[in-house]
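See below for the structure under consideration.
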Amino acid sequence: WFNQCIDMAPSDSMLFKTAPTFDASLVEMFAPLLTGARVIVAQHESELDPAHLVRIVRDNALSVLQAVPSAFRSLLASGISPCPSLRYLVIGGEALDMELARSLKRALPQVRLGNFYGSTEVTIDATQHEITNLDATTMPIGRPIANTRCYVLDPDGQPQPVGVWGELHVSGLGVARGYRNRPELTAASFLPDPFQAGQRMYRTGDRARWRIDGTLEFSGRRDGQVKIHGLRIELG
């Protein structure tokens, strides 16, 4: 699905910079290899030095780059423009705002911008939105990816109408088996899918609503969890 989404080809090259213990590394590692594209392996913790990352992108003529929004802000500040080799930016791990999307498009007018949403518990990505309307006031997280279903439910587990906020639940092939050695947490977060017999869904804890165009919009957490550089932090 990912390679079809971004039109990955053997002529592409993608930077592998994410620690292998972090789920997003799987895209950087395997997506290019599955199509015969190049994987450029960055040095450990190179992502902590935006100027160094910019040099890697330019020296290797990278075409696909994945990062969290905060990292893209740092790359813009470090002068990633111009960089004509880049054609697709995979943006995820944190909420993306329209201002950053517009800044990226101004700096790199040739790139396609993809806003990717998902959790480790749904094996990385659950929705994707190709950003084409830079005049919009809000940033959708898009539509469910292949073999994935998304539900916006009220506290009683009933689907919310279009435009009404609820909790986002994800069902499909990507849903994990649960948390290792945490049966209580697994039971609370991984529920039977009431709309697909024999299937399971993950309760994300994220607030979302359906838009009239069929895309999803994200509006933070229903608890105190925050994200810093794509890492989930429980404030308690």
### Count - residues of segment 114-128 that are over 19 Å from D7 (Cβ atoms), among the acidic types (D, E) and under 8 Å from the mean Cα position of the chain (by Cα)
0
### Query
Given the conditions (1) under 17 Å from the mean Cα position of the chain (by Cα); (2) of a type outside the set (D, E, K, R); (3) in a loop (DSSP other than H, G, I, E, B), and given that F218 satisfies all but one, which numbered condition is not satisfied?
(3)
### Task
Could you tell me whether any residue of segment 194-206 is open to solvent by 20 Å² or more (accessible area, probe 1.4 Å), in contact with an Asp or Glu (Cβ under 6 Å, 6 or more places away or on another chain), over 21 Å from G174 (Cβ atoms) and not aliphatic (A, V, I, L, M)?
no
### Residues that are in a strand (DSSP E or B), touching a Lys or Arg at 6+ places or on another chain (Cβ under 9 Å) and β-branched (V, I, T), drawn from segment 125-157
T127, I131, V152
#### Entry: Enumeration of residues in segment 179-190 that are within 13 Å of V122 (Cα to Cα) and open to solvent by 30 Å² or more (accessible area, probe 1.4 Å)
Y179
### Message
Checking A197 against (1) outside any strand (DSSP E or B); (2) among the aliphatic types (A, V, I, L, M); (3) within 23 Å of D156 (Cβ to Cβ); (4) modelled with pLDDT of 95 or more: exactly one of these is not met. Which one?
### Response
(4)
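Run down L134, L104 and say which single residue is farther than 30 Å from G178 by Cβ, surrounded by fewer than 21 Cβ atoms within 10 Å (Cβ to Cβ) and in contact (Cβ under 8 Å) with a residue 24 or more places away in the chain.
The conditions single out L134.
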#### Entry: Residues satisfying the stated conditions in segment 20-57, i.e. in contact (Cβ under 8 Å) with a residue 40 or more places away in the chain and either in contact with a His (Cβ under 7 Å, 6 or more places away or on another chain) or not in a loop (DSSP other than H, G, I, E, B) (or both)
L26, V27, I56, V57
### Task
Only residues that are assigned to a loop (DSSP other than H, G, I, E, B) and in contact with a Leu (Cβ under 9 Å, 6 or more places away or on another chain): list them for segment 69-85, please.
S78, I80, S81, P82, C83, P84, S85
### Query
What number of residues within segment 58-69 are surrounded by fewer than 20 Cβ atoms within 10 Å (Cβ to Cβ) and in contact (Cβ under 8 Å) with a residue 40 or more places away in the chain?
2
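The values are calculated or read from the model by the stated rules, or taken from the named source; none is laboratory data. None of these values were measured; they are calculated from a predicted model. No Cβ is skipped: glycine too gets one built from the backbone with ideal geometry, and neighbour counts run over all protein chains shown. Ligands, DNA and RNA are excluded from the accessible area calculation, which covers all protein heavy atoms including side chains. Shrake-Rupley method; radii C 1.70, N 1.55, O 1.52, S 1.80 Å.
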